[in-house]
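Undergrad: Here you go, one structure.
The values are calculated or read from the model by the stated rules, or taken from the named source; none is laboratory data. Bear in mind the structure is a predicted one, so any value in this text is a computation, not a measurement. Cβ coordinates were reconstructed from backbone atoms using ideal geometry, including for glycine residues, and neighbour counts include every protein chain displayed.
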Amino acid sequence: MTETEIWSKWEGQVVNGVFRLRRFLGRSSHSVVFLTECKAQGLSSAAIKIIPADPARAEAQLSRWRTLIALSHPRLIRLIEAGRWQLGAHPFLFVVTEFAEQNLAQILPHRALTAEEVREMLIPTLDALAFLHRQNLVHGGLKPPNFLAVDDQLKLAGDTIRTAGAGADAAADVLQLGATIVEALTRIRPALDNLPQNPSLPATLSAGFAAAVRRCLSPEPGNRPTVSELRDQVDPVGVRAPELPPQRAPVPPVPAPARVPAPARMPAPERVPTPAPEPPPAPRPPADIARRQARWLIPAAAVGLVLAALWAGSRVLRSPTDTVKAIAGQTAPQQAASPAAAPSSAPAPAAASPVLHDELPAVSRGARASIHGKIKVAIRVTVDRAGNVVAERMEVRGSSRYFARLATEAARKWQFAPADGPSARQWLVQFEFSRSGVTAHAVARFRP
């Protein structure tokens, strides 16, 4: 049994009667993350992180999370709710946050960032750090998994933020940021306990910026640049966005997390009863990918990245051989999408066609420009007697969860000719994404 199958047994459980665990996303040695929703905040997708409730530090951890809920900045992942949850004999803590589809750690195994992509990543990052440092707060966790994308906007994870103190100050944030810059450019993270005197950097980096990065890694905190100095070096002639004040009440001091020898490990979930399956979620409109600050996030789709969740893990779905061959052999798609990337509907087909309406995903120009070659996705849909799609299942995910999600949402809207008999039918709806647009056609999997 795979890890996904084991932890998927928790799917359908409802945390505190509010947050349904819709889908397992990933885990670490001491936490597990699920997709959920937050109806009170109007969020159809959110992430819920669950950890064992260690009696020695549970209250301090909850206090820190609840304090961070009052913190709001457009470049920080928003914390929504935190609390306790009892599942059988096991006590847990949970925190609900915005859902992010990608993080930098998922990009770097496939390629390093360019100097321009790093510059674009740093501009919103430095804005967020300046906001924190003005309030005597530090991020404390600047590493690739905590550089996230929400609707193609770069944001920093928020659950590591704390009040500045011994060993956790603005200079420590700059040190971590410098290590992340080097890792993003070279895919090798320098050891912070043995800092290199002269880290190797790409020749494409300007001399001034390279010098600033090396200063970030200085063993002497006083020799490191401030966030403001870094911003001037990264974007010397750019127009700086106005500083945004907190959108809620002033934030009280954030307690630092208690130090413990080792985190509690997640108990095995095999004994948890499997609840009734959840009905398919309602379709969600495609995200508007219009900003350039997180442009480094989308190109990973072209190098075989299967997206996962916020903190850890991945779900790899294997597809039947006949489906893979059907996708690979596709040569004459039925219709191409307009380059304008607006949601489109196909003209009414001829009477003999079994497809009455074929919905094509809306893909932004920036996302299309990131594609190298073609990305193929196949969705198996179940159609009722009236020709409506009543269920769908991923058959071929392709190289990007982002495009797979767009294809799934579009497949739900397809309409087929009514059937004469009472039995349901299945169709394989095949999508092909390229720089020129999107094409799609359906192949009958069995006849009524």
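Undergrad: Residues in the stretch 1-45 that are surrounded by 19 or more Cβ atoms within 10 Å (Cβ to Cβ), aliphatic (A, V, I, L, M) and within 20 Å of the chain's Cα centre (by Cα): how many?
TA: Within the stretch 1-45, residues that are surrounded by 19 or more Cβ atoms within 10 Å (Cβ to Cβ), aliphatic (A, V, I, L, M) and within 20 Å of the chain's Cα centre (by Cα) number 5.
Undergrad: Right, something else. Tally time: how many residues in the stretch 399-443 are assigned to a strand (DSSP E or B), out of contact with any Ser or Thr (no Cβ under 9 Å at 6 or more places or on another chain) and modelled with pLDDT under 85?
TA: Residues flagged as assigned to a strand (DSSP E or B), out of contact with any Ser or Thr (no Cβ under 9 Å at 6 or more places or on another chain) and modelled with pLDDT under 85 within the stretch 399-443 amount to 0.
Undergrad: Can I ask one more? Kindly evaluate A105 against the criterion of being over 20 Å from D152 (Cα atoms) and at pLDDT 90 or above.
TA: Details: over 20 Å from D152 (Cα atoms): no; at pLDDT 90 or above: yes.
Against the criterion (over 20 Å from D152 (Cα atoms) and at pLDDT 90 or above), A105 does not qualify.
Undergrad: Can you pull out every residue in the stretch 357-374 that is part of a loop (DSSP other than H, G, I, E, B) and of a type outside the set (A, V, I, L, M, F, W, C)?
TA: Taking the stretch 357-374 first, the residues part of a loop (DSSP other than H, G, I, E, B) are 358, 361-364, 370-374.
Those that are part of a loop (DSSP other than H, G, I, E, B) and of a type outside the set (A, V, I, L, M, F, W, C): D358, P361, S364, S370, H372, G373, K374.
Undergrad: Quick test for you: out of A70, A60, pick the one residue that is loosely packed, with under 15 Cβ neighbours inside 10 Å and either under 18 Å from L148 (Cβ atoms) or at pLDDT 90 or above (or both). Quick ask: steps written out before the conclusion?
TA: On the way: A70 fails: loosely packed, with under 15 Cβ neighbours inside 10 Å.
Result of the check over A70, A60: A60.
Undergrad: Could I ask something else about it? Please enumerate the residues belonging to the stretch 375-398 that are outside any strand (DSSP E or B) and surrounded by fewer than 23 Cβ atoms within 10 Å (Cβ to Cβ). Write out each step before concluding.
TA: First pass over the stretch 375-398, keeping only residues outside any strand (DSSP E or B): 384-387, 397-398.
Answer for the stretch 375-398, where residues must be outside any strand (DSSP E or B) and surrounded by fewer than 23 Cβ atoms within 10 Å (Cβ to Cβ): D384, R385, A386, G387.
Undergrad: On to the next question. Mind counting the residues in the stretch 134-186 that are part of a loop (DSSP other than H, G, I, E, B), aliphatic (A, V, I, L, M) and touching a helix residue (DSSP H, G or I) at 6+ places or on another chain (Cβ under 8 Å)? Spell out the reasoning first.
TA: Taking the stretch 134-186 and keeping what is part of a loop (DSSP other than H, G, I, E, B), we get 135-136, 139-143, 151-152, 157-161, 164, 166-167, 169.
Among the residues that remain, those that are also aliphatic (A, V, I, L, M) are: 142, 157, 161, 164, 166.
With touching a helix residue (DSSP H, G or I) at 6+ places or on another chain (Cβ under 8 Å) added as a condition, the list becomes 142, 157, 161, 164.
Looking only at that region, the number is 4.
Undergrad: Do you know which residues across the stretch 25-59 are touching a strand residue (DSSP E or B) at 6+ places or on another chain (Cβ under 8 Å), assigned to a loop (DSSP other than H, G, I, E, B) and hydroxyl-bearing (S, T, Y)? I'd like the intermediate steps shown before the answer.
TA: Narrowing the stretch 25-59 to residues touching a strand residue (DSSP E or B) at 6+ places or on another chain (Cβ under 8 Å): 25-27, 30-38, 41, 43-53, 58.
After this cut, where a residue has to be assigned to a loop (DSSP other than H, G, I, E, B) as well, the list is 30-31, 53.
Scanning the stretch 25-59 gives a single hit, S31.
Undergrad: Let me ask something additional. Which of (1) among the small types (G, A, S); (2) modelled with pLDDT under 80; (3) under 20 Å from the mean Cα position of the chain (by Cα) does A351 not meet, given it meets every other one?
TA: Status for A351: all satisfied but (3).
Undergrad: Let me ask another. Out of all the residues in the stretch 131-147, which are surrounded by 19 or more Cβ atoms within 10 Å (Cβ to Cβ) and under 16 Å from L71 (Cβ atoms)?
TA: Answer for the stretch 131-147, where residues must be surrounded by 19 or more Cβ atoms within 10 Å (Cβ to Cβ) and under 16 Å from L71 (Cβ atoms): F131, L132, H133, L137, V138, H139, G140, N146.
Undergrad: Whether any residue in the stretch 163-178 is in contact with a strand residue (DSSP E or B) (Cβ under 6 Å, 6 or more places away or on another chain), within 18 Å of L104 (Cβ to Cβ) and outside the structural domain of A82 (by TED's automatic domain parsing) is what I want to check.
TA: Yes, the stretch 163-178 has at least one match.
Undergrad: Being in the same structural domain as L185 (by TED's automatic domain parsing) and charged (D, E, K, R) narrows it down to one residue among R84, R20, R57, R111; which is it?
TA: On the way: R84 fails: in the same structural domain as L185 (by TED's automatic domain parsing); R20 fails: in the same structural domain as L185 (by TED's automatic domain parsing); R57 fails: in the same structural domain as L185 (by TED's automatic domain parsing).
Within the list R84, R20, R57, R111, the selection yields R111.
Undergrad: Is it the case that T160 is within 21 Å of the chain's Cα centre (by Cα), buried (at least 23 other Cβ atoms within 10 Å of the Cβ) and not aliphatic (A, V, I, L, M)? If you could, list the steps in order and put the result at the bottom.
TA: Numbers: within 21 Å of the chain's Cα centre (by Cα): yes; buried (at least 23 other Cβ atoms within 10 Å of the Cβ): no; not aliphatic (A, V, I, L, M): yes.
So T160 does not fit the description; no.
Undergrad: Identify all residues within the stretch 60-90 that are part of a helix (DSSP H, G or I) and under 27 Å from Q102 (Cβ atoms); write none if there are none. Talk me through it step by step, then tell me what you get.
TA: Going through the stretch 60-90, the residues part of a helix (DSSP H, G or I) turn out to be 60-69.
Q61, R64, W65, L68, I69 - these are the residues of the stretch 60-90 that are part of a helix (DSSP H, G or I) and under 27 Å from Q102 (Cβ atoms).
Undergrad: With respect to the numbered conditions (1) in the same structural domain as P190 (by TED's automatic domain parsing); (2) surrounded by 22 or more Cβ atoms within 10 Å (Cβ to Cβ); (3) of a type in the set (F, W, Y), which one is the sole condition not fulfilled by F94?
TA: Answer for F94: the failing condition is (1).
Undergrad: Among (1) closer than 30 Å to Q153 by Cα; (2) surrounded by fewer than 16 Cβ atoms within 10 Å (Cβ to Cβ); (3) touching an Asp or Glu at 6+ places or on another chain (Cβ under 9 Å); (4) of a type outside the set (A, V, I, L, M, F, W, C), where does H372 come up short?
TA: (3)
Undergrad: Could you give me the residue pairs with C-beta distances under 7 Å whose first residue belongs to the stretch 47-67 and is within 20 Å of S29 (Cβ to Cβ), whose second residue is of a type in the set (G, A, S) and assigned to a strand (DSSP E or B) wherever it lies, and which are 6+ apart or on separate chains?
TA: W65/A82
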